[in-house]
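A short write-up of the structure that comes next.
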Amino acid sequence: MPTNSGYLHPEPLSHTTHLRYAYWRTEENCQGTVVLQAGRTEFFEKYTETIERLTARGFDVWSLDWRGQGLSSRLLDHPQAGYIDSYETYLSDFHYFVQTKLLCQPRGPLVLLAHSMGGHLALRYLSEHQGLFAACVLSAPMVDIITTPFPRPILWGVVLLGTLFGKGPTYAPTQHDFDDRDRNFGTNRLTTDPVRFQKSLDCIDKNPSLAVGGV
């Protein structure tokens, strides 16, 4: 269980937007503070094992659910749609979290640990705020989007046209709500570990509000 958890409200004088965060304080001599940021659709419950191992090795851990996933505010009335208006919103939220929580009580050097989409955002944040973190560890950072078999200019054109015609908040072709298709380990393309695959599903079964569908 986190030592401390709660919600941030980044918009001034507004409680309509909330960002969930949590803090785990090590009981050992603190070696530093790790900021753990998940990938698209993820939530920090998925990283329980990682958090336990970090605190066992003497690291405090902080984590923030990205806006639109976990138990942070969803941007649409259709909460499962994996939607964000701009990645700049993610970066603004993360900076607010760093300034209002992380830097208020840092212990030891700061380390940024991020996965997939979180790795993409970590790289952008580090380029804009150099010198804040002593180290960074990235797992499969999203440095590009593979468009195969479609040529990139054609796909960008489709996306731009769809956005201009108000389709940005709707699912892209082949995308859908989280359902039984996402529970099939044999067809998943993200992990070869059936035990951890099931652990993520168990978290969603315990709290269905954690589920996020396609893009």
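Per-structure values
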{"item": "Phe59 vs. criteria hydrophobic (A, V, I, L, M, F, W, C), open to solvent by 50 Å² or more (accessible area, probe 1.4 Å) and modelled with pLDDT of 95 or more", "result": "yes"}
{"item": "Condition check for Gly186: modelled with pLDDT of 90 or more and open to solvent by less than 60 Å² (accessible area, probe 1.4 Å)", "result": "no"}
{"item": "Filtered residues of region 16-40 (kept if in a loop (DSSP other than H, G, I, E, B), closer than 24 Å to Ser73 by Cα and either open to solvent by less than 20 Å² (accessible area, probe 1.4 Å) or of a type outside the set (Lys, Arg) (or both))", "result": "Thr16, Thr17, His18, Ala38, Gly39"}
{"item": "Residue pairs meeting the criteria (Cβ under 6 Å; at least 6 apart or on separate chains; first basic (Lys, Arg), in region 23-50; second at pLDDT 95 or above)", "result": "Arg25/Asp60; Arg40/Met117; Lys46/Ser200"}
{"item": "Selection from region 168-187 of residues that are at negative phi and either touching a residue at least 40 places away in the same chain (Cβ under 8 Å) or of a type in the set (Asp, Glu) (or both)", "result": "Gly168, Pro169, Thr170, Tyr171, Ala172, Gln175, Asp177, Phe178, Asp179, Asp180, Asp182"}
{"item": "Sole residue being over 12 Å from the mean Cα position of the chain (by Cα) and over 19 Å from Phe133 (Cα atoms), chosen from Thr55, Thr16, Thr33", "result": "Thr16"}
{"item": "Wholly within region 65-167, helices (runs of 4 or more DSSP H) carrying at least 3 residues that are more than 27 Å from Ser209 (Cα to Cα), touching a residue at least 12 places away in the same chain (Cβ under 8 Å) and open to solvent by 50 Å² or more (accessible area, probe 1.4 Å)", "result": "117-128"}
{"item": "In region 41-56, residue most open to solvent (accessible area, probe 1.4 Å) [restricted to those that are touching a strand residue (DSSP E or B) at 6+ places or on another chain (Cβ under 8 Å) and more than 23 Å from Tyr96 (Cβ to Cβ)]", "result": "Thr50"}
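The values are calculated or read from the model by the stated rules, or taken from the named source; none is laboratory data. Here the structure is a predicted model, which means the values were calculated and not measured. When we count neighbours, we look across all protein chains shown, and the Cβ atoms used for this are built from the backbone with ideal geometry, even at glycine. Ligands, DNA and RNA are excluded from the accessible area calculation, which covers all protein heavy atoms including side chains. Shrake-Rupley method; radii C 1.70, N 1.55, O 1.52, S 1.80 Å.
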